[in-house]
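Note sheet for the following structure.
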Amino acid sequence: MMRRGDTIAAIATARGRAALAIVRLSGPDACRIAAACFQGADLQTVPSHTAHFGYVVGPEGTPIDQVVATVFRAPRSYTGEDIVELTCHGGDLAPQLILETLLHHGARLAEPGEFTLRAFLNGKLDLAQAEAVADLIHAGSTRAHRVSLAHLQGRYSEQLQRLRSDLLELCAYVELELDFSEEDVEFADRAQLEALLDRTERLLDELLRSYRLGELLRDGVRVVIGGRPNAGKSTLLNALLGQDRAIVSPLPGTTRDQIEAEAEIEGLRFRFVDTAGLRTTADQIEAEGVRRAQQAISNADVLVYVFDLTVGLDPEETAYLKQLQAEQPTLPVIVVGNKRDLLEEEPALPALDGPALTLSARQARADATQLQPLIQALVTAVTADLASMEDSAVVMNQRHRQHLARAREAVQAARAALNQGVGGDLLALELRRALHELGAITGEITTEDVLDQIFSRFCIGK
Ligand code: GDP
Ligand code: ZN
């Protein structure tokens, strides 16, 4: 995959009907190849960062499409190489014919992510930024989009660089100035060293902790809405979806007894699953529904358990919830007493672990403020205090998490070495290990396999 030096081409936009599409060329021959099939200005001599109207003609000289050719010359381009972007009409035909013409004139079809790989290899962005490009394309919510953009802009990489320079400082300190095997180690030096190790470990802890939020941003938050038939689950779901109709989408594969729908709330993408009841039953069809509901709950990030305030929670339900909390202690459960509008006074709520609140799902259709306490409870239940975290400090990537965890291990080992008064060389070894792990995230240290793995997940043309 890491062939360099040739000129690559690909359609950079999605297939199908569209007003416009972009076919992209990058490499030393980009201008020559584009010029060979372009009627208009001479693209080999036009200045960088200029756009030119003209026609692309096929190998036999027949016009293919009216286009605008934009020329970016190395090194001031996305890839750091010469780039020509041909903006043509959308649809399946024009971009494909233009691409074939470029291939005919000597370009090679780009592999997935190859433009961004070249940008990385040419030092235009680091590996974490390159990955952010893919995250940005796949972002499913406003916050996920914001976080990927912060990463793309390099603010996340800056944090990692700061960590690295702290560690480098530590290393230099240990390697040059101190020998811990000696008895006469200065107390002040040791305290300073410990303080630096502390700070590094705390930063790593914070980054690792943020991964929970990153995961929720990346994959969405799964909320199961459970409760007895007639409690008002469907009404509540509709009210929640009514929060932001534009982004609501019904999901395929929903069954008669289990409805799934997505909505964006407070920048997070929530996936709600409205289950059929949860009670045990002899009825075959209903039993299947119960099994599915239980399956959904075992994959949930949070359970919203709805009951009818005019009926109350029955002992069987209370026992069920207690058992659930024992079996899945990390699953937050929010108990919602529904049909508040039917009661005159605020009722007493059942004493269970976790938040409980009342509302009227029916009134919430017209009055969204009814849902605010529930929404707040939902966001708090899944993100705790993480929601307020800086975008640039949120780790969204599993690969990064692994390297960060190993970096923390190394820092902890360094601290242990320091406490045991082991020699400075061992300490330095652990610090170097941590540096190595951080370098792997931003790509200072990398292998072809890792690059292949990362970039093969990209779209063609990116
Ligand atoms: P589900 O079986 O749990 O999904 O319950 P539904 O959402 O289908 O609601 C059952 C019945 O309760 C319907 O007739 C709803 O109109 C009614 N209902 C739901 N929420 C409320 C509420 O907040 N107040 C009142 N008065 N009725 C409600
Ligand atoms: Zn229902």
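The values are calculated or read from the model by the stated rules, or taken from the named source; none is laboratory data. What you see is a predicted model; the values in this text were computed from it and never measured. All Cβ positions, even for glycine, are placed from backbone atoms using ideal geometry, and neighbour counts span all protein chains on display.
Summary of values
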{"item": "Region 229-273, subset assigned to a strand (DSSP E or B) and modelled with pLDDT under 85, residue nearest to ligand 1 (Cβ to nearest atom)", "result": "Ile259"}
{"item": "Selected residue (criterion: farthest from Leu193 (Cα to Cα)) from residues of region 406-462 that are among the basic types (Lys, Arg) and not in a helix (DSSP H, G or I)", "result": "Lys462"}
{"item": "Test set (1) surrounded by 21 or more Cβ atoms within 10 Å (Cβ to Cβ); (2) in a helix (DSSP H, G or I); (3) modelled with pLDDT of 90 or more - Leu125 fails condition number", "result": "(2)"}
{"item": "Selection from region 210-240 of residues that are among the charged types (D, E, K, R), buried (at least 16 other Cβ atoms within 10 Å of the Cβ) and away from ligand 2 (no atom under 16 Å from the Cβ)", "result": "Arg212, Glu215, Arg218, Arg222"}
{"item": "Qualifying positions in region 50-86 - under 34 Å from the mean Cα position of the chain (by Cα), surrounded by fewer than 21 Cβ atoms within 10 Å (Cβ to Cβ) and among the polar types (S, T, N, Q)", "result": "Thr70"}
{"item": "Filter result (under 15 Å from the mean Cα position of the chain (by Cα) and of a type in the set (Gly, Ala, Ser)) within region 211-237", "result": "Gly214, Gly220"}
{"item": "Test result for Asp449, charged (D, E, K, R), closer than 27 Å to Gly267 by Cβ and out of contact with any strand residue (DSSP E or B) (no Cβ under 8 Å at 6 or more places or on another chain)", "result": "no"}
{"item": "Some residue of region 427-436 being crowded, with 17+ Cβ neighbours inside 10 Å, at pLDDT below 90 and either in contact with a Pro (Cβ under 6 Å, 6 or more places away or on another chain) or not polar (S, T, N, Q) (or both)", "result": "yes"}
{"item": "2 or more residues closer than 21 Å to Leu237 by Cβ, within 16 Å of ligand 2 (Cβ to nearest atom) and in contact (Cβ under 8 Å) with a residue 12 or more places away in the chain: qualifying strands (runs of 3 or more DSSP E) within region 297-359", "result": "302-308, 333-338"}
{"item": "Residues of region 355-405 that turn out to be closer than 26 Å to Ala434 by Cβ, surrounded by 16 or more Cβ atoms within 10 Å (Cβ to Cβ) and charged (D, E, K, R), as a count", "result": "3"}
{"item": "Complete set of residues in region 107-141 that are on the phi > 0 side of the Ramachandran plot and either touching a helix residue (DSSP H, G or I) at 6+ places or on another chain (Cβ under 6 Å) or of a type in the set (Ser, Thr, Tyr) (or both)", "result": "Gly113"}
{"item": "Filtered residue count, region 322-342, keeping only those that are over 17 Å from Thr383 (Cα atoms) and surrounded by fewer than 22 Cβ atoms within 10 Å (Cβ to Cβ)", "result": "10"}
